[in-house]
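The values are calculated or read from the model by the stated rules, or taken from the named source; none is laboratory data. Nothing here was measured: the structure is a model prediction, and the numbers come from that model. Positions of Cβ are backbone-derived with ideal geometry, glycine not excepted, and every protein chain shown enters the neighbour counts.
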Amino acid sequence: MSRVLLTGNGAAAWGARLARVDYVPAFPITPQTEIIESLASWIDGGEMRGRLVTLESEHSMLTAAGAAAATGVRVFSATSSQGLLYAMEMLYTVAGWRTPFVLVNVSRGLSAPITLEPDHNDVLAARDSGFLQIHCADCQEVLDSVLIAYRLAEDSRVRQPVLVNLDGFYLSFTREPVTVPGPDEVDDFLPAFDAESIAFRASAPESQAVAVLGGGPYSYFRYETHLALLNGLTVYDEVAADFAERFGRAHPAVEAYRCDDAEIVLLMMGSFATKARAAVDNLRDAGQRVGLLRPRLLRPFPAHSLVAQLVGKRGVAVIDQNISMGKGGVLHAEVASVLYGHKDAPLLVSFVGGLGGRDISPEEFFEMVKVVAAAAQRGEAPPPRLLYTEDELREIRKLQTLAHVERNSLGEG
Amino acid sequence: MYRIRFHGRGGQGMKTASRILGSALFAEGFEVQDAPRYGAERRGAPIFAYVRADRRPINERGIIRRPDLVVVADDTLIPVPAAGVLAGLDAYSVLLIHSHESADTWRRRLNTPARVLVLPLIEESADRADLPYVGAVCAGAAACLLGVISEDALATALRDELGPLGEAVVQRNLDKALAAYRQMVEVCGVVTEGREANAADYTPPEWISLAFEGANVSAPVIHAGLTSSAVKTGLWRTLRPVIDYDRCGRCWWVCSSLCPDGAIQVEEGRPTIDYDHCKGCLVCVAVCPPHAIEAQPERTAESLETPK
Amino acid sequence: MSDVETRFHRFKDLPSTQLLGTGTPMCAGCGGLQALHEIYDVLGEKTVFVNAAGCMTLLSVYPFTPFRGSWLYTAMASAPAGAQGVRDALDILLEQERMPPEEDLRVVVLTGDGAAYGMGLSATSGAIERGLDFLYIVYDNEGYGNTGQQYSGATPHAARTATSRMGGGFRGDKKDLFDIWVAHRPAYAATVIGAEPLDLARKVERAMAIKGPKLILALAPCPTGWDFDPKLTVDIGRLAVRTGIWPLKEYVDGRVVHSKTPHPRKPVKEYLSLQGRFAHLFEPQRNAAELTRMQAKVDEYWADPAT
């Protein structure tokens, strides 16, 4: 065991290395590339056993990942943003194969307009695919989550691929102290992959991923996958508890930070949630009863934990680093759906912020809490708010002028 | 919490500087975060990297708005607005400039509330992008200014970061870093940990409600050609090609056609270099048949420029 | 040509047991199924088929499979990548002695022309450049057959399809997939047809002896898509060879060699006139100019067939 400075990408690569993955189908994309470069150099240098193959697209990469997992080896892969979307057909497809492996996604905003910095619309596009999703807030969590993800994926009650998400730039290129567990400790926690019946062998013919005719059989297979994901809730809790016992780091399905006596709660996912944590400390210093809830698991959705934490609170700022066009924040809708019908459910206020890596300042967190407190007092939620300032509008106006957008069609500002 | 920003040009080793300082703070028992800011990360273009350090776990993330220390590796960046060198400096901040000029000169010139210090630039290089050891030098000076990093910790960190480049490189960098550290001894510990945000007394954000605008305005479309000429890539240049018209053969095409940026215009056989956009690649210097184009250090060339 | 000693000299040398199961949902008279079962008989059951979307997706419909060996359905664009994953995983298991050698399998991609000539080209090109040890079988019925025979990259000139129903049929020309493979310098490539089973068996046998990326491109006469009486599948297949429209050839050791040179060649109209998709060339009026051009194209090929 050693504590070293690692980027989020480095932590992901260490997770794969410690998991002793057999096979890494790869394709480069910013800001993920450092992960596969690290693995390639370890494999080439003989520090790690395994085979890395660069495919010609993410679609092929996911196909190879699923196919190798279906043959019975431990598989790791990584992508980001446009790459995840290019592979989207295969995400849904391989999830239906019921084969376990781990895919790391380094979140990055989607085109158009194309950008490099993070938000969660990429990974949320995979929300309904049948991959379990773990969202990380710091670099330590990235390494730990890759290990937890293999246990989760390979558990016979689940047997599904797992996606581990980390934010581009804010984690991928940022070094933080990370405790790298010793290989023996990891081997005890995560034994060699027992593929059981997952195999292609000469002596045991199998037709995998075959077609069905008719909605009845189709419904059966699809719903069984859904049930496997729901099992993931229990299995996750067990695995996370075992992990905490062995390694001393707790990664519950929902992080609750200073929530016990909180009246107002900030609710968000990913690395920006650590900014919310800092703001909670500042607000507590100022005598306000504020906490943070951060779902680490998005699929399966930890409905019970969230309800247990939220019922009885006065108000919640749901901060979505994503936007469902024509609806709004995805997390807001998900949280609202699980609170529906609960007596003493808190008032939810929807905020959309951090799109394309746009910063969220401490003052904005303070202000969100103020808005939620006032709304809870009134008993009525204000309309959803995009975190966007006058300065930012002035900036875009300047850019629009340079882009020769007709001045007379520009609004005030 | 300490918040430190390093500003330099692509190629000057700002990521290395932030990593050396980050590792040194980590070796001294701090929780640390360090990161480069990637963008148009091209040789000569302005870039920055940052470090946070605290005795407690760090929850803050992303770029540093209110730095306790800003280190400027290349003083020619200070007047470049896009570099954002002076952003967020206040009376509690320290600004360390790697420069030939004196601290007094910079204080008069800048009108910043921050405390201005100078790290004398000992070695000059014709090409500022090749300024030797600048990453190590900046990290060494910054380490001393913080007052919480020993020379040993600095050396260990430098070895960790530069080890793969070989012992000779490590040793040369280490000598420079330690020399810079010792030059700062008089102001050792001058940088103090910044204040935390105050939730009881803050300036609320000026949020606005974004209104609908038609796609003719709100689509990411540029409604004209050639708008990129508004980007002054001449700021990337550390070496300037200068034409000696006495030797210029008026061939009318070689330098102009082969300039990758189209930054050389020819009128009546006379080539003119557009210094607003010339990036200083020096292809023209290499290809000119009568060798009539010479590379000059940008700093000296700038001061020789006649005012319009 | 590296002449491997063949076990197929006469028709009666061909395997007499049929390895591919009955009961599949392929159309009666399917030229693709005919070629597949002939290929499978030679390949044997220690195979895993990695399938791309096409007519043969429906070979394995839960809970029925005609294969004695294994099968993995992937998607339309990426069957070669699926083959890559399976091959790599098997190699890893062998290397690490987690699987005895006798459990190893041949990895075979099975694809129609829709995927092979179009959406799947990039994945195929990638697998060849990586030197993947796999056999790539194309059943080429010259259109998106499973969706009702719209034109694909394999559709020949003048054929009427569901998306080129009127006028003179498809205006473009058939893409040359064999040459696209040869340009990659693969380990092996061959064209075959189910109507010439001896030639087919020898080529599959040769391909099996070579490691690396290998193409078996089978023209698949399609009663449904080409509009002919299913009993004519073999006649049309033989005519495709004897008119010179479908040259039987192979690429091995860096050279293209024809395994059958039709002599004398029959006129192309004998092949075309049996198929409804080309009926407009003969009725209500004979389109002499088009038929002459199509004959000339074939003649031009055979004037210098070794290229």
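Could you tell me which residue of the range A:153-191 is farthest from A:R3 (Cα to Cα), considering only residues that are part of a loop (DSSP other than H, G, I, E, B) and more than 22 Å from the chain's Cα centre (by Cα)? Filtering the range A:153-191 for residues that are part of a loop (DSSP other than H, G, I, E, B) and more than 22 Å from the chain's Cα centre (by Cα), the one farthest from A:R3 (Cα to Cα) comes out as A:S156. If you check C:D41, C:D13 for being on the phi < 0 side of the Ramachandran plot and surrounded by 15 or more Cβ atoms within 10 Å (Cβ to Cβ), only one passes: C:D41. In summary, strands (runs of 3 or more DSSP E) completely within the range B:1-105 and bearing 2 or more residues that are more than 25 Å from A:G354 (Cα to Cα) and in contact with a Gly (Cβ under 9 Å, 6 or more places away or on another chain) occur at B:2-9, B:69-72. Against the list (1) within 28 Å of A:A381 (Cα to Cα); (2) in a loop (DSSP other than H, G, I, E, B), the condition A:R249 fails is (1). Residues of the range A:227-239 that are farther than 14 Å from A:A153 by Cβ and either in contact (Cβ under 8 Å) with a residue 40 or more places away in the chain or within 14 Å of chain C (Cβ to nearest Cβ) (or both): A:L230, A:L233, A:T234. Could you check the range A:149-196 and list, in sequence order, the residues that are within 17 Å of A:A228 (Cβ to Cβ) and among the β-branched types (V, I, T)? Of everything in the range A:149-196, those that are within 17 Å of A:A228 (Cβ to Cβ) and among the β-branched types (V, I, T) turn out to be A:V158, A:V162. Of the residues in the range A:278-295, at least one is in contact (Cβ under 8 Å) with a residue 60 or more places away in the chain, buried (at least 21 other Cβ atoms within 10 Å of the Cβ) and among the basic types (K, R). In the range A:7-30, the qualifying residues are those that are touching an Asp or Glu at 6+ places or on another chain (Cβ under 7 Å) and free of Cβ contacts under 8 Å to residues at least 60 places away in the same chain, and the one that is farthest from the other protein chains (Cβ to nearest Cβ) is A:F27. When the range A:1-49 is filtered for residues that are within 18 Å of the chain's Cα centre (by Cα), surrounded by fewer than 24 Cβ atoms within 10 Å (Cβ to Cβ) and hydrophobic (A, V, I, L, M, F, W, C), only A:I29 remains. When the range C:274-307 is examined, which residues are found to be acidic (D, E) and either surrounded by 10 or more Cβ atoms within 10 Å (Cβ to Cβ) or modelled with pLDDT of 95 or more (or both)? Result: C:E290, C:D299, C:E300. The combined condition, being part of a loop (DSSP other than H, G, I, E, B) and of a type outside the set (G, A, S), is fulfilled by C:L20.
Only one of (1) facing another protein chain (nearest Cβ under 7 Å); (2) over 19 Å from the mean Cα position of the chain (by Cα) is not met by C:F67, so which one is it? Condition (2) is where C:F67 drops out. Could you tell me whether the range A:99-110 includes any residue that is within 14 Å of chain C (Cβ to nearest Cβ), under 12 Å from the mean Cα position of the chain (by Cα) and not small (G, A, S)? Scanning the range A:99-110, I find at least one residue that is within 14 Å of chain C (Cβ to nearest Cβ), under 12 Å from the mean Cα position of the chain (by Cα) and not small (G, A, S), so the answer is yes. Being of a type outside the set (A, V, I, L, M, F, W, C) and touching a strand residue (DSSP E or B) at 6+ places or on another chain (Cβ under 6 Å) is the filter; apply it to the range C:60-73 and report the residue that is surrounded by the fewest Cβ atoms within 10 Å (Cβ to Cβ). Per the stated criteria, the residue is C:T65. Among what's in the range A:55-83 and is more than 8 Å from every other protein chain (Cβ to nearest Cβ) and farther than 25 Å from A:E224 by Cβ, pick the residue that is farthest from the chain's Cα centre (by Cα). Ranking the qualifying residues of the range A:55-83, first place goes to A:E58. Of all residues in the range C:109-141, those satisfying the criterion of being farther than 21 Å from C:R185 by Cβ and either surrounded by fewer than 24 Cβ atoms within 10 Å (Cβ to Cβ) or among the β-branched types (V, I, T) (or both) are C:G118, C:M119.
Candidates in the range C:25-38 are the residues that are surrounded by fewer than 20 Cβ atoms within 10 Å (Cβ to Cβ) and touching a residue at least 40 places away in the same chain (Cβ under 8 Å); of these, the one that is nearest to the other protein chains (Cβ to nearest Cβ) is C:C27. Only a single criterion out of (1) at the interface with chain A (Cβ under 8 Å from one of its Cβ atoms); (2) touching a strand residue (DSSP E or B) at 6+ places or on another chain (Cβ under 6 Å); (3) crowded, with 23+ Cβ neighbours inside 10 Å is not satisfied by C:E103, namely (3). Scanning the range A:374-394 for residues that are within 21 Å of A:N322 (Cα to Cα) and assigned to a loop (DSSP other than H, G, I, E, B), we see that the one that is nearest to the chain's Cα centre (by Cα) is A:L387.
Cβ-Cβ distances below 6 Å connect the following pairs, each with a first residue in the range B:185-213 that is within 18 Å of A:G287 (Cβ to Cβ), a second residue that is in a loop (DSSP other than H, G, I, E, B), and a separation of six or more residues or different chains: B:A199/A:A286; B:A200/A:A286.
Yes/no matrix, rows are residues, columns are (1) away from every other protein chain (no Cβ under 12 Å); (2) touching a residue at least 12 places away in the same chain (Cβ under 8 Å); (3) surrounded by fewer than 23 Cβ atoms within 10 Å (Cβ to Cβ); (4) on the phi < 0 side of the Ramachandran plot:
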residue	(1), (2), (3), (4)
B:M14	yes, yes, no, yes
B:S23	no, yes, no, yes
B:R43	yes, yes, yes, yes
B:F48	yes, yes, no, yes
B:V51	no, yes, no, yes
B:D74	yes, yes, no, yes
B:I78	yes, yes, yes, yes
